[in-house]
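Each remark here refers to the structure printed beneath this line.
The values are calculated or read from the model by the stated rules, or taken from the named source; none is laboratory data. In this text, all values refer to a predicted model and were calculated from it rather than measured experimentally. Every residue, glycine as well, gets a Cβ built from its backbone with ideal geometry; the counts of neighbours run over all protein chains shown. Just the protein is used for accessible areas: all its heavy atoms, side chains included, with ligands, DNA and RNA removed. Shrake-Rupley method; radii C 1.70, N 1.55, O 1.52, S 1.80 Å.
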Amino acid sequence: MKINIPDISKQIYKSDILALLEKKYSIIGPLWVNQQMEWMNKVYASFKDHDKFLILIFLVKKTLDFYSRNFTKLSYDEFYSRDIIQIEKFSIAEISEALNIPKESTRRKVIELENEGAIRKIKKKIVIDRSKFYHSKPVDSIKRISRFLSTLSEISKDEKIISNKITTEEFELVIKKNFSYAWKMYFELQIPMMISYKKIFKDIETFHIFGICSVNEHLFAKKVSEEEMNRDEFIKSIFIINKMPGINAMSISDITGIPRATVIRKLQKLVKQKNLTIDHKKHYRTAGNFTKLLMPLQNIVLNKLANFSSQIFNLELLNNSLHKKLNKKKEILSDIRKSV
């Protein structure tokens, strides 16, 4: 029996994708930050509490790590065949340290999750019951990240990193086929991102609100300028575009789902800290100096994004190669049958 061995020379390297993210940021950046804020909106919608959702996905990732260590790969359908997912034993101290949440807050939120039935014990097993919270299946997340990766693949094709564009549908299929592995990597991208920004903004809600202001500016800058720019050039352009519109508190509340009173309180704090500016129309924009301070952190996020993207690219290319070989074998067998 012939073994299908991947062609190492055709693999996609993280360094190439990272260079592309930097070079083509005016195209890729607005798409990325927009999909990230859409993900954050879904995160908040689950419990109206970012930290609760962060705790749950941290525990789910521990299970995905267990699968990976034991060479177990589940498809999307296999993973979601039941509402209940078994998780490893955990301690409040472990979660608190890993997620940068004070111990007492961690204990309180875990108790709330237990009272809501999201975390419970079945005999000696600890499980997460996904039926107890909204958006437990990442249907929209898979579609969004697949659209982003497809656009990235088109740019990669133009830069001769890959030979053909990969469609959104092809990415969706390969992610669902290799779901436990792909979503482990996705959480390895998202969880550190949320923790890192939390350390700067002190809580995830504040980062979420600031992020909406940043996304608004990214999308407007992309709209008014067709010039291709790298990341440094694009970020600078945001602060020199005349009549760059801000966004008001009501719009931020509508987009995020965060109560308007909370949004206003957080915005006032961000303005006081000189992280945002406010104009006479009560529209908010990011402050240039503070945005520059975020660049080192964004370097880390882009590095993790390049790692995630390159690995999913390689999964798809391997899947496509095996698919072509399988079809070739089918054609050969069909020809043999016809000749008999």
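What do you reckon, is K157 over 30 Å from E316 (Cα atoms) and either in contact with a Phe, Trp or Tyr (Cβ under 6 Å, 6 or more places away or on another chain) or not hydrophobic (A, V, I, L, M, F, W, C) (or both)? Considered against the rule, which asks whether it is over 30 Å from E316 (Cα atoms) and either in contact with a Phe, Trp or Tyr (Cβ under 6 Å, 6 or more places away or on another chain) or not hydrophobic (A, V, I, L, M, F, W, C) (or both), K157 comes out as no. The residues in region 10-36 that are in contact with a helix residue (DSSP H, G or I) (Cβ under 7 Å, 6 or more places away or on another chain) and either within 17 Å of E228 (Cβ to Cβ) or open to solvent by 70 Å² or more (accessible area, probe 1.4 Å) (or both) can be counted, and the count is 16.
If you check I126 against the conditions, is it in a helix (DSSP H, G or I) and β-branched (V, I, T)? When the stated conditions are applied, I126 does not pass them.
Evaluation of V139 against the conditions (1) surrounded by 14 or more Cβ atoms within 10 Å (Cβ to Cβ); (2) β-branched (V, I, T); (3) closer than 30 Å to P30 by Cβ shows that the sole unmet condition is (1). When T291, T286 are checked against the criterion of being among the hydroxyl-bearing types (S, T, Y), surrounded by 15 or more Cβ atoms within 10 Å (Cβ to Cβ) and in contact with a Leu (Cβ under 9 Å, 6 or more places away or on another chain), a single residue qualifies: T286.
Report whether or not I12 is outside any helix (DSSP H, G or I) and in contact with a Phe, Trp or Tyr (Cβ under 9 Å, 6 or more places away or on another chain). Here the answer is yes, as I12 does meet what is asked.
What are the pairs with Cβ atoms under 9 angstrom where one residue, in region 227-245, is without any contact (Cβ under 8 Å) to a residue 60 or more places away in the chain and the other, located anywhere, is open to solvent by less than 40 Å² (accessible area, probe 1.4 Å) and of a type in the set (D, E, K, R)? Sequence gap at least six, or different chains. The qualifying pairs are I238/E217; F239/E217; I241/E217; M244/E217; P245/E217. A count restricted to region 148-170 and to residues that are assigned to a loop (DSSP other than H, G, I, E, B) and hydrophobic (A, V, I, L, M, F, W, C) stands at 3.
Residue-wise test of (1) in contact with a helix residue (DSSP H, G or I) (Cβ under 8 Å, 6 or more places away or on another chain); (2) more than 24 Å from K198 (Cα to Cα); (3) in contact (Cβ under 8 Å) with a residue 40 or more places away in the chain; (4) among the acidic types (D, E).
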{"residue": "I85", "(1), (2), (3), (4)": "yes, yes, yes, no"}
{"residue": "R107", "(1), (2), (3), (4)": "yes, no, no, no"}
{"residue": "I122", "(1), (2), (3), (4)": "no, yes, no, no"}
{"residue": "K137", "(1), (2), (3), (4)": "yes, yes, yes, no"}
{"residue": "E154", "(1), (2), (3), (4)": "no, yes, no, yes"}
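Take the residues in region 118-134 that are under 22 Å from the mean Cα position of the chain (by Cα) and hydrophobic (A, V, I, L, M, F, W, C); name whichever of them is most open to solvent (accessible area, probe 1.4 Å). This residue is F133.
One line per residue, one yes/no per condition, for (1) at pLDDT 95 or above; (2) under 27 Å from H218 (Cα atoms); (3) over 19 Å from the mean Cα position of the chain (by Cα):
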| residue | (1), (2), (3) |
| --- | --- |
| I5 | no, no, yes |
| L20 | yes, yes, no |
| H50 | yes, yes, no |
| L54 | yes, yes, no |
| V60 | yes, no, no |
